[in-house]
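The values are calculated or read from the model by the stated rules, or taken from the named source; none is laboratory data. Bear in mind that the values here come from a model prediction, so they are computed numbers and not experimental data. Positions of Cβ are generated from backbone atoms using ideal geometry, with glycine treated the same way; all protein chains shown enter the neighbour counts.
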Amino acid sequence: MTLNLKSLLTVTSVAAALMASSALAQTELRMMWYNDGSEGEVMQTILDRFEADNPDITVVLDVVPYKAVLESLPIQLAAGAGPDIARVTDLGGLSEYYLDLSPYVSDTEYWETSFGPFLNWLAPDSDRISGFMTQLTVTGPYVNKTLFEQAEVTMPGDGATWDDWATAVVVVADKLDIPIPMAWDRSGHRVAGPAIAMGAKMFDADGNPALVDGGLKKMAQRLYDWHQDGTMSKELWGSVSGSTYLGANEDFANAQVVFYMSGSWQIPQFANKIGDAFDWWAVPAPCGDAACTGMPGGAALVALQDTKHPEEVGKLMDFLAQEENLAEFYGKTLFIPGHLGLATGGVEFATDDPRAKHALETFSGAVPTISQTAFDLQGYKNNRVLFNALISRLNEAIVGELTLEQAYARMEEDVANQLAELNR
């Protein structure tokens, strides 16, 4: 009996030691994530499969407001206290903090073939593999088509200008007593596309950033005028200051806005929140003097260099980037694919909503019409400097703190000062 008891104690001790060792071997990865719609739920499902296949790794999906990704994440990264992986939209601006995944993924050729042109957005000055696009986005407008029908106003068609749309939406709003004829996301990125449509070059002949020119002034003047005459609401942009982002998606979803300038990432949210309550209709980017263009962009999932677990991060990123997993992700989230194979072969989108399908077709069809200047601006690693200067100073003019001419001068000063600081 004594021997058996000793054997039992020995076996128990070994089992306990093995369990403790297993617990100690468990690696926890943290992924900072924000949602436009329900994509966090889709990602969690895929992460659950990864954890089932890799019981020594757990992944915590930290869902935060988009504002935290824009404002808090850069501070965390600068302090060396960021997560292992993050979903970001300032693709090149945060590139100094990205991990090179090349040594940690199984097939670098697959990554280069599948994500080639977008890898350059994440690594403007190198050939690193740092992550992949969770979605390719295109900026452009949505209209409440139902309101146009109720007001018996014909929607402007292909080739319509910004002035055509501004005129039409005011007529609809006046007829139906809708509080906001037109709303835009408060974002320099959102303003940049229409400015380029008006002829803004964004760079000089030597490729240096040059924000303020005649084209930008044409669009800025319109935005200023629309806020003064009630086409746009001062209460929206005027409710925040600086470069703070503010969307008008809730106002549009509540049928308080006739025309909403945003982008393709709103499709899953509108399909869920609006459904068939009214016809939310994506329309092509309105035209300016130089082009009919929006801005390309998107969100990327990137590995971060301060991780203490680069091998495990590489394993997870390799799993998430595989075509079958991304096909599921893009299909269920209604996102335009940022994977070249899936973009060519097509994705089976999980929706029967004709409004969502039309929007996906509209934004996907807009990609070939995007100006090269817009692509160049999106690929510029310090584009956030231009975007922030544009929206913060323009807004100061709109709310009466500066004249437009003063705002233009401040924009140029902001860009020069911030670039000088970055290049020190």
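The residues on offer are 132, 118, 148, and the sole one that is of a type in the set (Phe, Trp, Tyr), farther than 30 Å from residue 384 by Cα and not in a loop (DSSP other than H, G, I, E, B) is 148. Looking only at segment 1-52, residues that are within 18 Å of residue 321 (Cβ to Cβ) and modelled with pLDDT under 50 come to 0 in all.
Look through 214, 230, 242, 199 and report the one residue that is modelled with pLDDT under 95 and of a type outside the set (Lys, Arg).
242
Here's the yes/no breakdown for (1) in contact with a helix residue (DSSP H, G or I) (Cβ under 7 Å, 6 or more places away or on another chain); (2) farther than 23 Å from residue 265 by Cβ:
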residue: 131; (1), (2): yes, no
residue: 135; (1), (2): yes, no
residue: 145; (1), (2): no, no
residue: 156; (1), (2): yes, yes
residue: 167; (1), (2): no, yes
residue: 170; (1), (2): no, yes
residue: 189; (1), (2): yes, no
residue: 193; (1), (2): yes, no
residue: 198; (1), (2): yes, yes
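Would you call residue 218 in a loop (DSSP other than H, G, I, E, B) and among the charged types (D, E, K, R)? Spelling it out, it is not the case that residue 218 is in a loop (DSSP other than H, G, I, E, B) and among the charged types (D, E, K, R). Looking across segment 27-63, the residues that are polar (S, T, N, Q) and either farther than 27 Å from residue 266 by Cβ or buried (at least 19 other Cβ atoms within 10 Å of the Cβ) (or both) come down to 27, 54, 58. Picking from residues in segment 344-365 that are free of Cβ contacts under 8 Å to residues at least 60 places away in the same chain and among the aliphatic types (A, V, I, L, M), the one that is surrounded by the fewest Cβ atoms within 10 Å (Cβ to Cβ) is 350. Filter segment 393-424 down to the residues that are over 27 Å from the mean Cα position of the chain (by Cα), under 14 Å from residue 216 (Cα atoms) and without any contact (Cβ under 8 Å) to a residue 40 or more places away in the chain and list them by number. Correct list: 405, 409. Filtering segment 352-372 to residues that are of a type outside the set (A, V, I, L, M, F, W, C) and in contact with a helix residue (DSSP H, G or I) (Cβ under 6 Å, 6 or more places away or on another chain) leaves 353, 371.
Selection of segment 54-85 for residues being hydrophobic (A, V, I, L, M, F, W, C) and in contact with an Asp or Glu (Cβ under 9 Å, 6 or more places away or on another chain) yields 57, 59, 60, 69, 70, 73, 77, 81. Checked against (1) in contact with a Leu (Cβ under 7 Å, 6 or more places away or on another chain); (2) within 28 Å of residue 266 (Cβ to Cβ), residue 66 meets all criteria but (1).
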